[in-house]
Amino acid sequence: MMATSNNASCPAPMKATSNGAFQHENPLDYALPLLILQICLVVFFTRFIAFLCRPLRQPRVIAEIIGGILLGPSAIGRNEKFLNTVFPKKSITVLDTLGNIGLLFFLFLVGLELDMRAIRRTGHKALGIALCGITVPFVLGIGTSFALRATVSKGAEPVSFLVFMGVALSITAFPVLARILAELKLLTTDVGRIAMSAAAVNDVAAWILLALAIAISGSNGSPLVPLWVLLSGVAFVLFAVFAIRPLLVAMANRSPEGEPVKEVYICITLTLVLACSFVTDTIGIHALFGAFVLGTIMPKDGSFSGVLIEKIEDLVSGLFLPLFFVSSGLKTNVASISGGLSWAMLVLVIFNACFGKIVGTIVVSLICKVPSHEAVALGFLMNTKGLVELIVLNIGKDRKVLNDQAFAICVLMALFTTFITTPIVMAVYKPARRGAPYKHKTIQRRDPDTELRMLICFHTSRNIPTLINLIESSRGIRKRGKLCIYAMHLVELSERSSAITMVHKARRNGMPFWNKKQDDKDQMIIAFQAYEKLSSVNVRPMTAISALNSIHEDICTSAHRKCAAMIILPFHKHQRVDGSMESLGHSFHVMNQLVLSHAPCSVGILVDRGFGGTSQVPASDVSYKVVVPFFGGRDDREALCYGMRMAEHPGILLNVVKFMPPPGTSLAFGAKLVGVSSNKDKKAFEVVGGNYYDDKQQDDQLWSEFLSACNNNNQESMKHEQKLVASKGDIEAALKEMNRSNLILVGRMPSVAPLISRSDCPELGPVGSYMASSDFSNVTSVMVIQQYNPSTDIHPLVMEESDYPDMPDTPTS
């Protein structure tokens, strides 16, 4: 009889799979198809909100929290039919379980991001800020708990509620803060370093406090139970450090760089994550602790941790983790905050959370002699909440410590405090990029024997053979040290854990950073290091990790810091097998335009059509024909000077073609605008021109220098010719004759009529945009060169200060 009554009161468990719609069965009545629909809906919805939040530069966790709330009973879920169809109560257990599995592995990744060695090295400033950033909000949280218990949480167990509210207000979300700092390019600033160190200490302290809160909330009256829970938790941590870590270190040591990690090692580690989670859940301090502790004790050096991250991050953070946010959202009913008193409590909680963190951090920062604007930025950065906050609140809700109203209030508090972080920090803290002024910002210079420094950027390994062949062609005949190359790998910053891990590595030496480790197995770096050993060129590999919409700032500031005379960028299109040009994406196109606008030196955009072939050419085998079409103007002069530099290499034959208009006319041939438009609506790119007669005088002077160099060179490696052209057609015909050479160096904005009326790359100018098109050639690489013009450098990214300390720039080999 008892069994019958139980069956009547409990809904029957859902079967896993249906027989299909043709068998007249609704797939949504079965666990697996319903779960698949839920995952697809959640991922699509949260990604859509993340797309909407992108202009506000918000971390993705904000979109996922908002998405979860909107899908729950606060918004879309108010429709009972939708809620009962897509998120019926009988499916919530499966949804919660899968979301928590994702959460386990995500917190394992968070532990991997947390470097305990860095915490041990934390300075007194960061330690003071962290301790105050926990203590003040915790005390205010205790005060807030009394107000909430008197109003919206009557009957809550006092000690548990007090500790949970203290923890909820005092947490700083370490993973979210890392992403915000990376997005705002603050990781390498003093503020970023202090914030990350303080947040790491805060994170560890928060987990300890949360363990305490869980232990207290789980006791049924006996004061010894929390004590046993905490002692067992400490015993587990010690066991993990002294028994499990040696096993992990042994597996890491047997996974050398450059070789695949054994599948059994991955399997053992992932099983350990689940086993540790089971142990901590059995102890009574939640399964998440086991996964987090295992992540923190993982060896961080070598390839083992990196491979683990690659194996699990996309599946976990892409598919499973959003389920946890929806699970939270389904428990959050904003409508439960009703009446003036409840809204007053929400304002009080937000005020106390912000006041405790921000004011507490600012006061300690000022005591530690941190500048006031940096102290304010630190205050708001430390106020970042996120995933860990939601975990705390969910545990409190599941343990009946927080009721619906208190839970909704705290979720909105976490959302608000994180949402305001990015815009306020951007408003109050703009770190000044400062640097010492330097002399040689162009290839054209009075003394050609001075060291030439170039910053060469690349996205993928596809660019590397061409770039190495270009470096070899540029080295001339000068002694070692006369050409210094900074090879910068451009890496897009994403929400993935591996990107943040790379940023942490970058942060150790400043971003962009030196690859000082000799055992670095990055194939792109190895190629440049191998070339350096074989040649007399200093090559310094670097990496810039940034969002593509602001990576131009890293490029330009690095060029200034390294005193570069030229930045070389890959064209935003690459050549396909059939010879046509395929775009790599609009972001790279915009990046090139922004570098052209803000560069502190000359810029070259390389349209790569296989310069030197698909592999590195040995110095003795170099045999290239380089052509410079010379129309006149600042950019053409820079192109000619670069060509003269290349001609010093014994394997380079330089041919300069000087275009001459008929007497009394110009090469513009009556065109109103010297430039080319990107479409019918847009205005043409105009030449930033100087005085015509000044340009003519400087052109003639450089031409005479070139002629004397030709004479001194006995016509062996430098040739020249003059062509009289009467129309655009004549210019096109002359350029077509060059399309069998290896490389063409052309100025970006010569005073020439546009050779094509429309182009999707107008920033390359009237001649460059024509040469970049598939119609021109499929074998000749083109470099479009813009000479640095101090008169147009009105808003530099780096403010030059004459008393700024000049830092040693090139490490000795």
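Using the heavy atoms of the protein chains alone and a 1.4 angstrom probe, what is the accessible area of the range 19-426 per residue in square angstrom? I get 40 Å² per residue for the range 19-426.
Dividing the summed helix terms, -39500 (n - 2.57) for each DSSP H run of n ≥ 4, by the number of residues in the chain produces a 222 nm estimate of -16500 deg cm²/dmol to the nearest 500. Dipole size of the range 19-426 about its Cα centre, with +1 on Lys/Arg Cβ and -1 on Asp/Glu Cβ: approximately 700 debye, rounded to the nearest 20. As an equivalent ellipsoid, the range 19-426 spans semi-axes of 30, 29, 22 angstrom, where each value is the square root of five times an eigenvalue of the C-alpha gyration tensor, largest first. In this simple spin-label model, placing a label point 7 Å from the Cα along the Cα-to-Cβ direction at both residue 428 and residue 47 gives a separation of 3.6 nm. When the charge dipole of the range 19-426 is built from unit charges on Cβ atoms (+1 for Lys and Arg, -1 for Asp and Glu) and taken about the Cα centre, the candidate among 289, 212, 20 whose Cα reaches farthest toward its positive end is 212. Taking 31 Å as the limit for the C-alpha separation, the pairs 439/533; 441/658; 262/533 exceed it in the case of 262/533.
Think of the range 19-426 as a dipole: +1 on every Lys or Arg Cβ, -1 on every Asp or Glu Cβ, centred on the Cα centre; then among 77, 49, 176, 176 lies furthest on the positive end. When both the range 720-773 and the range 37-86 are represented by their alpha-carbon centers, they are found 52 Å apart. Think of the chain as a dipole: +1 on every Lys or Arg Cβ, -1 on every Asp or Glu Cβ, centred on the Cα centre; then among 307, 130, 459, 130 lies furthest on the positive end.
Charge tally for residue 402 (other residues, Cβ to Cβ under 15 Å; Lys, Arg +1; Asp, Glu -1): +2. Here the range 147-260 is treated with +1 on each Lys and Arg Cβ and -1 on each Asp and Glu Cβ, and its dipole about the Cα centre works out to around 200 debye. Each residue, residue 117 and residue 730, gets one label point 7 Å from its Cα in the Cβ direction; the gap between the two is 6.8 nm. Using the average count of surrounding beta-carbon atoms within 10 Å as a protection proxy, the listed peptides 757-763, 87-93, 180-186 rank, highest first, as 180-186, 757-763, 87-93.
Other residues lying with their Cβ under 15 Å from the Cβ of residue 367 contribute a combined charge of +1, Lys and Arg counting +1, Asp and Glu -1.
Surface listing: 667, 315, 98 arranged by accessible area from highest to lowest gives 315, 98, 667, probe 1.4 Å.
Calculate how steeply helix 190-217 sits against the longest principal axis of the alpha-carbon atoms of the chain, using the helix alpha-carbon long axis, and give the answer as 0 to 90 degrees to the nearest 10. Taking the Cα atoms of the chain, the angle to 190-217 is about 20 degrees.
Given the C-alpha centroids of the range 229-262 and the range 316-362, what is the distance between them in whole angstrom? One Cα centre to the other: 35 Å.
Size of the chain: Rg and Dmax of its alpha carbons, in Å, are 31.7, 112.
Centre-to-centre separation between the Cα atoms of the range 383-445 and those of the range 102-147: 14 Å. Among the protein heavy atoms of the chain, carbon and sulfur supply 59% of the accessible surface, probe 1.4 Å, non-protein parts ignored. In plain terms, the chain from residue 17 to residue 228 could stretch by 71.7 nm, reckoned as 0.36 nm per residue minus the Cα-Cα distance. The residues neighbouring residue 574, those whose beta-carbon lies less than 10 Å from its own, together hold a net charge of +2 under the Lys/Arg +1, Asp/Glu -1 convention. Dividing the Cα radius of gyration of the range 148-205 by its Kirkwood radius returns 1.22 for Rg/Rh. At q = 0.11 Å⁻¹ the log10 of I(q)/I(0) for the range 167-275 amounts to -0.61, computed by Debye summation with a single uniform scatterer per C-alpha, solvent ignored.
Given +1 at the Cβ of Lys and Arg, -1 at the Cβ of Asp and Glu and no other charges, the dipole of the chain around its Cα centre is 1000 debye to the nearest 20.
Just to verify a number: FRET efficiency for residue 314 and residue 737, C-beta to C-beta distance, R0 = 51 Å, to 0.05? Computed FRET efficiency for residue 314 and residue 737: 0.50.
Eigen-decomposition of the gyration tensor built on the alpha-carbon atoms of the range 287-336 gives equivalent ellipsoid semi-axes of 31, 14, 7 angstrom, largest listed first.
Rounded to the nearest 10 degrees, the inclination of helix 634-647 to the longest alpha-carbon principal axis of the chain is 80 degrees.
The values are calculated or read from the model by the stated rules, or taken from the named source; none is laboratory data. The structure presented is a predicted model; accordingly, all values stated were derived computationally and were not measured. Cβ coordinates were reconstructed from backbone atoms using ideal geometry, including for glycine residues, and neighbour counts include every protein chain displayed. Each accessible area value is taken on the protein alone, full model and side chains, heavy atoms only, with ligands, DNA and RNA left out. Shrake-Rupley method; radii C 1.70, N 1.55, O 1.52, S 1.80 Å.
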